[in-house]
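Student: Take a look at this one; I'll ask things after.
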Amino acid sequence: MRRTFVVHVEDKPGVLNRVASLFRRRAFNIESLTVGRTEVPRVSRMTIVVDTDDNGAKRLEANLYKLVNVLRVTDLTGDAAVIRDLTLIRVAATQETRTQVMQIVDTFRGRVVDVAPDSLIVEATGTEDKIDGLLGVLQPYGVLEIVRTGRVAMSRGQQSVATEPADAPAEADPGDQVSYSV
Amino acid sequence: MGNMRTGAQILWESLVREGVTTVFGYPGGAILPAYDAMLEYPVRHVLVRHEQGATHMADGYARASGEVGVAVATSGPGATNMVTGIATAMLDSSPIVCITGQVGSRLIGSDAFQETDVTGVTLPITKHNYLVSNVSEVAPTIHEAFYVARSGRPGPVLVDITKDAQQGSAEFVWDGSPVRLPGYRPELRASDAERRRAVDLINGAKRPIIFAGHGVMLSGAMDLVREFAERANIPVAMTLLGIGSFPALHPLNLGMMGMHGEAWVNQAIQEADLLLAFGMRFDDRVTGNVKTYAPNARKIHVDIDPAEFNKNVMVDVTLAGDLSNVLRELLPRVERGDRGVWLDSIAEMKGDSAVRDVQNLPDSGHLYAAHVINDIWRMTDGKAVVVTDVGQHQMWEAQYYHHEKPRSLITSGGLGTMGFALPAAIGAKLARPEAEVWAIVGDGGFQMTMCELATIAQEKVKVNVAIINNGYLGMVRQWQEFFYERRYAATPLLSPDFAKLGEAFGLRSATVSRRQEVEPTVAMARAEPGAVVIDFRVEQEDTVYPMVPAGADLHAMIRRPSPSPIVETADD
């Protein structure tokens with residue numbers, strides 16, 4: 001099944017390469033990977049979507065923890081989470097069709113962010129299903145170009161995926177918390 | 001600012017503070033500043049003949065001593081020559097630190113002379129690696145590299161240092177305090193619930209077997225494993241790298257498991273109701289077909305690396321942590337057991353098929369590898385450090401040299417690296433000068449790294465080299481014999497006269513082709529102050545038995561044929 005991992009890593013050169021190399025080496029196929037800064041300096045957050053079973057997910061988590069630069073791995077699969085994909089779509093829109101296209105975009109709570117004589121750029125966020133749906137209805141008008149960020153995710157409610165400060169001493173962790181670094 | 005040093009000096013200041021006394025290396029352009037600075041420091045440099053040799057020597061040093069081994073090379077080809085040795089150390093969890101020179105930081109990415117992206121090349125075969133391009137990073141990186149290499153599950157770490165970082169100057173400050181890495185916690189502790197489940201399974205088991213892997217030695221848990229086994233009366237089977245972790249002649253020692261393990265060991269595994277895997281990883285050479293592997297057994301897996309859990313074999317209980325800590329927690333709760341029925345039934349499987357002392361068999365005039373290895377075992381009282389290469393002789397060594405002590409068999413198990421033995425033996429000898437060190441090596445593997453005979457001669461390293469020379473790439477030939485209708489594609493091997501070769505390096509050498517010559521020649525080698533090379537011309541088409549063909553069921557072994565030229569077994 002598709003699983004969503006949130007991986008906090010040190011923001012250092014080559015870390016993305018280490019993570020990507022691990023997936024390749026252990027024969028896990030990345031469906032999407034996003035990376036960006038977090039609320040903590042020098043810590044980046046990756047959202048990685050991968051197709052694997054329960055056992056594969058556990059091994060993947062353990063292997064990620066073996067990377068020295070990986071701070072925390074959270075498997076959000078099955079948790080209540082807000083999951084979003086951001087897309088920009090360049091769609092053909094002539095004077096005759098522009099209104100229709102804009103109405104569709106409106107229905108999907110997207111926004112038109114650029115208008116050219118023969119096309120529009122639409123910005124939309126949502127679950128991947130929603131984006132797929134939007135693309136489906138825009139297809140007849142002529143989708144000229146697409147860019148999608150891939151999935152980003154955050155668990156719902158108060159429970160946050162804690163980002164540890166990069167200088168937190170290792171032994172500050174409670175003893176019962178199993179970490180997988182070796 | 002009274003303590004200014006160049007990056008090259010800081011490198012050695014740091015290495016010395018990490019306890020390094022010996023390094024194995026080869027100079028070149030990008031590492032020249034470090035070599036120049038080296039002369040001021042109390043470090044023995046062993047000049048190798050190929051950088052692969054440097055990594056195997058560092059590896060042999062680490063395995064013999066438990067300390068971190070160090071290899072040094074220049075950029076580009078110097079560093080890429082290390083790749084095989086690094087991968088070897090990675091698969092066998094051996095702590096080594098490789099220092100490589102790199103072109104100046106402003107040249108990186110320009111395809112400069114002898115530039116290779118070494119951190120990129122070694123990323124999947126190191127535990128961790130570093131590119132140091134600033135002199136201020138040298139000391140903290142070395143400190144961190146040694147910590148990462150030796151802590152948790154040990155492994156190779158590479159530190160690539162640009163030439164300008166070696167040449168630049170900075171104040172040398174040594175922070176020897178324990179390393180803290182935010183994302184790295186080698187100390188693990190299994191949950192109490194898992195420990196309770198393990199204890200219940202152990203106390204309830206009627207047919208348990210302990211598996212002793214390399215982790216037993218890496219954790220220093222030999223005494224605890226023995227106490228555990230004796231208390232609960234559980235027999236112990238060993239992986240290839242676990243040999244030495246449990247005394248060979250202990251009544252509870254079953255011997256080696258797996259592809260070339262003795263039949264009763266594998267049969268016992270298939271009939272066991274509980275496997276206690278201590279610091280091993282269910283390699284395919286151990287399990288055979290995993291679908292039919294130990295079908296009746298619950299499995300408890302103790303490992304410091306949780307990524308090993310349920311990787312090859314699904315287990316019932318996982319205990320993450322250092323084996324010694326786990327055993328200390330389990331031991332008081334493990335009940336004393338009798339298990340006489342189980343031990344009797346294993347003895348029955350054994351019959352008298354235990355390998356007889358090959359010395360007792362009549363001399364047919366042929367020389368077999370087993371004779372040679374068994375004689376070396378007998379004459380060294382089983383106390384030598386034996387370093388083997390990869391192939392038939394490696395398996396015969398595991399079968400016919402009985403290791404009583406840990407860290408006395410050094411061999412490339414995971415990667416199966418031919419060419420390992422000779423350089424690794426040099427490293428082992430320098431780590432333990434008081435030990436008697438034998439390299440046992442095939443004629444194929446020997447020729448891969450035989451240039452290191454020059455290192456032996458130049459550094460005056462006393463190792464004895466026993467070449468098991470059968471004129472074939474023997475293990476490959478054996479597979480061709482069994483599985484490719486004896487079509488010996490590219491396995492017949494022409495070799496030079498190894499004795500003449502040894503003499504050319506200034507080493508006393510001998511050729512042995514008759515059984516009665518083995519003993520006096522081994523005695524000569526042991527008495528000789530310098531290194532000795534012995535070319536043992538053994539039976540050419542000899543075969544390692546028993547054998548579980550790759551991927552076959554563990555109990556479906558190819559047994560020794562009858563009558564065997566070397567050993568006779570009751571049920572053959």
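The values are calculated or read from the model by the stated rules, or taken from the named source; none is laboratory data. Everything numeric in this text was worked out from a predicted model, so none of it was measured. All Cβ positions, glycine included, derive from the backbone under ideal geometry; neighbour counts span all protein chains shown.
Student: So in region A:32-65, with the set limited to residues that are of a type in the set (D, E, K, R), surrounded by fewer than 17 Cβ atoms within 10 Å (Cβ to Cβ) and without any contact (Cβ under 8 Å) to a residue 60 or more places away in the chain, which one is farthest from the other protein chains (Cβ to nearest Cβ)?
Tutor: Narrowing region A:32-65 to residues of a type in the set (D, E, K, R): A:37, A:39, A:42, A:45, A:51, A:53-54, A:58-59, A:61.
Remaining after also requiring surrounded by fewer than 17 Cβ atoms within 10 Å (Cβ to Cβ): A:37, A:39, A:42, A:51, A:53-54.
Those still in the list that are without any contact (Cβ under 8 Å) to a residue 60 or more places away in the chain too: A:37, A:51, A:53-54.
Working: A:Arg37: 16, A:Asp51: 18, A:Asp53: 11, A:Asp54: 10 Å.
Among those residues, the one meeting the criterion is A:Asp51.
Student: Sticking with this structure for a sec: Among the numbered criteria (1) in a loop (DSSP other than H, G, I, E, B); (2) surrounded by 14 or more Cβ atoms within 10 Å (Cβ to Cβ), which one does B:Met524 miss?
Tutor: Among (1) in a loop (DSSP other than H, G, I, E, B); (2) surrounded by 14 or more Cβ atoms within 10 Å (Cβ to Cβ), B:Met524 violates only (1).
Student: Let me ask something else. What pairs come out if I take residues in region B:461-479 that are basic (Lys, Arg) and pair them with residues that are part of a strand (DSSP E or B) whose C-beta lies under 9 Å away, six or more apart or interchain?
Tutor: Hits for this filter: B:Lys462/B:Val437; B:Lys462/B:Val532; B:Arg477/B:Pro492.
Student: If a residue must be among the small types (Gly, Ala, Ser), more than 16 Å from A:Asp106 (Cα to Cα) and either modelled with pLDDT of 95 or more or within 14 Å of the chain's Cα centre (by Cα) (or both), how many such residues does region A:120-173 contain?
Tutor: Initially, region A:120-173 is screened for residues among the small types (Gly, Ala, Ser), giving A:124, A:126, A:133, A:136, A:142, A:150, A:153, A:155, A:157, A:160, A:162, A:166, A:168, A:170, A:172.
Still in the running and more than 16 Å from A:Asp106 (Cα to Cα): A:142, A:150, A:153, A:155, A:157, A:160, A:162, A:166, A:168, A:170, A:172.
Remaining after also requiring either modelled with pLDDT of 95 or more or within 14 Å of the chain's Cα centre (by Cα) (or both): A:142, A:150, A:153, A:155.
Of the residues in region A:120-173, 4 are among the small types (Gly, Ala, Ser), more than 16 Å from A:Asp106 (Cα to Cα) and either modelled with pLDDT of 95 or more or within 14 Å of the chain's Cα centre (by Cα) (or both).
Student: While we're on this one: Quick one: is B:Ser408 more than 30 Å from A:Tyr65 (Cα to Cα), among the hydroxyl-bearing types (Ser, Thr, Tyr) and more than 14 Å from every other protein chain (Cβ to nearest Cβ)?
Tutor: Yes, satisfied.
Student: If B:Leu158 meets every condition in (1) in contact with a helix residue (DSSP H, G or I) (Cβ under 7 Å, 6 or more places away or on another chain); (2) within 14 Å of chain A (Cβ to nearest Cβ); (3) of a type in the set (A, V, I, L, M); (4) part of a helix (DSSP H, G or I) apart from one, which number is that one?
Tutor: Condition (4) is where B:Leu158 drops out.
Student: A:Arg84: surrounded by fewer than 21 Cβ atoms within 10 Å (Cβ to Cβ), touching a residue at least 60 places away in the same chain (Cβ under 8 Å), within 14 Å of another protein chain (Cβ to nearest Cβ) and among the basic types (Lys, Arg), yes or no? Steps first, answer last, please.
Tutor: Values: surrounded by fewer than 21 Cβ atoms within 10 Å (Cβ to Cβ): yes; touching a residue at least 60 places away in the same chain (Cβ under 8 Å): yes; within 14 Å of another protein chain (Cβ to nearest Cβ): no; among the basic types (Lys, Arg): yes.
Considered against the rule, which asks whether it is surrounded by fewer than 21 Cβ atoms within 10 Å (Cβ to Cβ), touching a residue at least 60 places away in the same chain (Cβ under 8 Å), within 14 Å of another protein chain (Cβ to nearest Cβ) and among the basic types (Lys, Arg), A:Arg84 comes out as no.
Student: OK, next. Anything in region B:109-126 that is at the interface with chain A (Cβ under 10 Å from one of its Cβ atoms), in contact with a strand residue (DSSP E or B) (Cβ under 7 Å, 6 or more places away or on another chain) and either at pLDDT below 95 or closer than 18 Å to A:Phe23 by Cβ (or both)? List them, or say none.
Tutor: Scanning region B:109-126 gives a single hit, B:Leu123.
Student: Quick one: which strands (runs of 3 or more DSSP E) lie wholly within region A:43-131 and hold at least 3 residues that are under 30 Å from B:Pro154 (Cβ atoms)? Give the derivation first.
Tutor: On the way: elements: A:43-51, A:70-75, A:81-92, A:111-115, A:119-126.
Output list reads A:43-51, A:70-75.
Student: Right, another one. Determine which member of the set B:Ile456, B:Ile467, B:Ile440 is more than 18 Å from the chain's Cα centre (by Cα) and assigned to a strand (DSSP E or B).
Tutor: Details: B:Ile456 fails: assigned to a strand (DSSP E or B); B:Ile440 fails: more than 18 Å from the chain's Cα centre (by Cα).
Result of the check over B:Ile456, B:Ile467, B:Ile440: B:Ile467.
Student: Assess whether B:Gly76 counts as being more than 30 Å from B:Lys405 (Cβ to Cβ), among the small types (Gly, Ala, Ser) and either modelled with pLDDT under 95 or in contact with an Asp or Glu (Cβ under 7 Å, 6 or more places away or on another chain) (or both). Lay out the reasoning, then the answer.
Tutor: Values: more than 30 Å from B:Lys405 (Cβ to Cβ): yes; among the small types (Gly, Ala, Ser): yes; either modelled with pLDDT under 95 or in contact with an Asp or Glu (Cβ under 7 Å, 6 or more places away or on another chain) (or both): yes.
It is true that B:Gly76 is more than 30 Å from B:Lys405 (Cβ to Cβ), among the small types (Gly, Ala, Ser) and either modelled with pLDDT under 95 or in contact with an Asp or Glu (Cβ under 7 Å, 6 or more places away or on another chain) (or both).
Student: Could you check region B:179-199 and list, in sequence order, the residues that are within 14 Å of chain A (Cβ to nearest Cβ) and assigned to a helix (DSSP H, G or I)? Explain how you work it out, then say what you get.
Tutor: Start the filter on region B:179-199 by keeping residues that are within 14 Å of chain A (Cβ to nearest Cβ), which leaves B:179-195.
Across region B:179-199, the qualifying residues are B:Asp192, B:Ala193, B:Glu194, B:Arg195.
Student: Output the residue which, of all residues in region A:1-25 that are surrounded by fewer than 18 Cβ atoms within 10 Å (Cβ to Cβ) and part of a strand (DSSP E or B), is farthest from the other protein chains (Cβ to nearest Cβ).
Tutor: It comes out as A:Arg2.
Student: For B:Pro563, all conditions in the list (1) modelled with pLDDT of 90 or more; (2) more than 21 Å from B:His393 (Cα to Cα) hold save one; what is the number of the exception?
Tutor: Looking at each condition in turn, B:Pro563 falls short on (1).
Student: Restricting the search to region A:110-147, which residues are buried (at least 16 other Cβ atoms within 10 Å of the Cβ), under 23 Å from A:Ala81 (Cα atoms) and either assigned by TED's automatic domain parsing to the domain that holds A:Val49 or not aliphatic (A, V, I, L, M) (or both)?
Tutor: Once the filter is applied, which keeps residues that are buried (at least 16 other Cβ atoms within 10 Å of the Cβ), under 23 Å from A:Ala81 (Cα atoms) and either assigned by TED's automatic domain parsing to the domain that holds A:Val49 or not aliphatic (A, V, I, L, M) (or both), region A:110-147 yields A:Gly110, A:Thr125, A:Gly126, A:Glu128, A:Lys130.
Student: What single numbered condition from (1) surrounded by fewer than 16 Cβ atoms within 10 Å (Cβ to Cβ); (2) in a helix (DSSP H, G or I) fails to hold for B:Pro549?
Tutor: Evaluating B:Pro549 over (1) surrounded by fewer than 16 Cβ atoms within 10 Å (Cβ to Cβ); (2) in a helix (DSSP H, G or I) leaves (2) as the failure.
Student: Right, here's the next one. Based on this model, can you work out whether B:Gly176 counts as closer than 30 Å to B:Tyr35 by Cβ, assigned to a loop (DSSP other than H, G, I, E, B) and either within 14 Å of another protein chain (Cβ to nearest Cβ) or out of contact with any Phe, Trp or Tyr (no Cβ under 8 Å at 6 or more places or on another chain) (or both)?
Tutor: When the stated conditions are applied, B:Gly176 passes them.
Student: Here are some conditions: (1) within 13 Å of chain B (Cβ to nearest Cβ); (2) within 24 Å of B:Leu131 (Cβ to Cβ); (3) surrounded by fewer than 21 Cβ atoms within 10 Å (Cβ to Cβ). A:Val68 meets all but one. Which one does it not meet?
Tutor: Just one mismatch for A:Val68, condition (3).
Student: Can I ask one more? Restricting to region B:372-394, what's the tally of residues that are over 17 Å from B:Pro406 (Cβ atoms), in contact with a strand residue (DSSP E or B) (Cβ under 8 Å, 6 or more places away or on another chain) and not hydrophobic (A, V, I, L, M, F, W, C)?
Tutor: Matching residues across region B:372-394 total 5.
Student: Same structure, new question: When only residues in region B:88-129 that are hydroxyl-bearing (Ser, Thr, Tyr) and not in a loop (DSSP other than H, G, I, E, B) count, which is surrounded by the most Cβ atoms within 10 Å (Cβ to Cβ)?
Tutor: B:Thr100
Student: For the list (1) more than 8 Å from chain B (Cβ to nearest Cβ); (2) of a type in the set (Val, Ile, Thr); (3) touching a Lys or Arg at 6+ places or on another chain (Cβ under 9 Å), I need the number of the one condition that A:Val73 fails.
Tutor: All conditions are met except number (3).
Student: For region B:46-59, does any single residue satisfy the condition of being assigned to a strand (DSSP E or B) and either surrounded by fewer than 18 Cβ atoms within 10 Å (Cβ to Cβ) or acidic (Asp, Glu) (or both)?
Tutor: Yes, region B:46-59 contains a residue that is assigned to a strand (DSSP E or B) and either surrounded by fewer than 18 Cβ atoms within 10 Å (Cβ to Cβ) or acidic (Asp, Glu) (or both).
Student: If B:Ala263 passes every condition in (1) crowded, with 24+ Cβ neighbours inside 10 Å; (2) more than 30 Å from A:Ala57 (Cα to Cα); (3) touching a residue at least 40 places away in the same chain (Cβ under 8 Å); (4) aliphatic (A, V, I, L, M) but one, which one does it miss?
Tutor: So B:Ala263 meets the others, but not (1).
Student: Residue by residue through region B:91-121, note down the ones that are closer than 19 Å to B:Tyr147 by Cα and among the small types (Gly, Ala, Ser). Quick ask: steps written out before the conclusion?
Tutor: We begin by selecting, within region B:91-121, every residue closer than 19 Å to B:Tyr147 by Cα; these are B:91-100, B:119.
Matches in region B:91-121: B:Ser93, B:Ser94.
Student: Within region B:1-37, restricting attention to residues that are in contact with a helix residue (DSSP H, G or I) (Cβ under 6 Å, 6 or more places away or on another chain) and among the hydrophobic types (A, V, I, L, M, F, W, C), which residue is surrounded by the fewest Cβ atoms within 10 Å (Cβ to Cβ)?
Tutor: Restricting to residues being in contact with a helix residue (DSSP H, G or I) (Cβ under 6 Å, 6 or more places away or on another chain) and among the hydrophobic types (A, V, I, L, M, F, W, C), the top hit is B:Ala37.
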